1. Quick check on my filter: what residues within the range 1-12 are touching a residue at least 24 places away in the same chain (Cβ under 8 Å) and either exposed (fewer than 11 other Cβ atoms within 10 Å of the Cβ) or under 16 Å from the mean Cα position of the chain (by Cα) (or both)?
2. I'm trying to understand the selection: among the residues of the range 89-107, which are farther than 19 Å from residue 18 by Cβ and surrounded by 15 or more Cβ atoms within 10 Å (Cβ to Cβ)?
3. May I ask you to list the residues in the range 168-205 that are over 20 Å from the mean Cα position of the chain (by Cα), in contact (Cβ under 8 Å) with a residue 40 or more places away in the chain and not in a helix (DSSP H, G or I)?
4. With the condition kept exactly as written, say whether any residue in the range 89-103 is touching a residue at least 40 places away in the same chain (Cβ under 8 Å), in a helix (DSSP H, G or I), farther than 21 Å from residue 7 by Cβ and touching a helix residue (DSSP H, G or I) at 6+ places or on another chain (Cβ under 8 Å).
5. Checking residue 101 against (1) in contact with a strand residue (DSSP E or B) (Cβ under 8 Å, 6 or more places away or on another chain); (2) within 26 Å of residue 153 (Cβ to Cβ), only one condition comes out false. Which one?
6. Can you confirm whether residue 161 is assigned to a helix (DSSP H, G or I), in contact with a helix residue (DSSP H, G or I) (Cβ under 6 Å, 6 or more places away or on another chain) and either within 21 Å of residue 188 (Cα to Cα) or at pLDDT below 95 (or both)?
7. Got a sec? Which of 78, 49 is closer than 27 Å to residue 190 by Cα and touching a residue at least 12 places away in the same chain (Cβ under 8 Å)?
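The values are calculated or read from the model by the stated rules, or taken from the named source; none is laboratory data. Bear in mind the structure is a predicted one, so any value in this text is a computation, not a measurement. Cβ coordinates were reconstructed from backbone atoms using ideal geometry, including for glycine residues, and neighbour counts include every protein chain displayed.
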């Protein structure tokens, strides 16, 4: 029941913030970030690299194989499998959402004045919603929080900082980041629910 309430709260917060962000905040914030000092943008460019999915997907899979077949630690193997599957599942969901939404990235607004959704559109400039980098870091933060609850604050602060870099770089709008965070959290919780139903232990006692 607690998990259901958390999931409902995350969905509600996302719903009531994405819409006003789209209508009121996205464009002014994108324009503000575009005009930030180049030094700030260079820092954001470094920070945003921590949101690349490849590092986490490859790393979690390699560590799963190591603990499963070499070191033979079933608990740690299950933990890294949990992270790997969470990233895979959220990645699939985010890709489907991006394709359906076909939202113009800020670059299309700055160059052509395009804003909004071109449903089922293709091309990098039409994959703004939701943010993939945000999905990745919030998936990792949620998964690690489930495994190590005491680290919830630094994990989610780190995820928020990395996600903010996408807005600073004008790669995404604020509403894209909010939606990406929701997808990462909710889908990771769904994978944890699956592990619970299959009685796959990932927490130490």
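1. Filtering the range 1-12 down to residues touching a residue at least 24 places away in the same chain (Cβ under 8 Å) leaves 3, 6-7, 10-11.
7, 10, 11 - these are the residues of the range 1-12 that are touching a residue at least 24 places away in the same chain (Cβ under 8 Å) and either exposed (fewer than 11 other Cβ atoms within 10 Å of the Cβ) or under 16 Å from the mean Cα position of the chain (by Cα) (or both).
2. Let us first name the residues in the range 89-107 that are farther than 19 Å from residue 18 by Cβ, namely 89, 91-92, 107.
Those that are farther than 19 Å from residue 18 by Cβ and surrounded by 15 or more Cβ atoms within 10 Å (Cβ to Cβ): 89, 91, 107.
3. Of the residues in the range 168-205, the ones over 20 Å from the mean Cα position of the chain (by Cα) are 195-205.
Pick out the ones that are also in contact (Cβ under 8 Å) with a residue 40 or more places away in the chain and you get 195, 200-204.
Hits for the range 168-205 are 200, 201, 202, 203, 204.
4. no
5. With respect to (1) in contact with a strand residue (DSSP E or B) (Cβ under 8 Å, 6 or more places away or on another chain); (2) within 26 Å of residue 153 (Cβ to Cβ), residue 101 is out only on (2).
6. Details: assigned to a helix (DSSP H, G or I): yes; in contact with a helix residue (DSSP H, G or I) (Cβ under 6 Å, 6 or more places away or on another chain): no; either within 21 Å of residue 188 (Cα to Cα) or at pLDDT below 95 (or both): yes.
So residue 161 does not fit the description; no.
7. Numbers: 49 fails: touching a residue at least 12 places away in the same chain (Cβ under 8 Å).
Answer to the check: 78.
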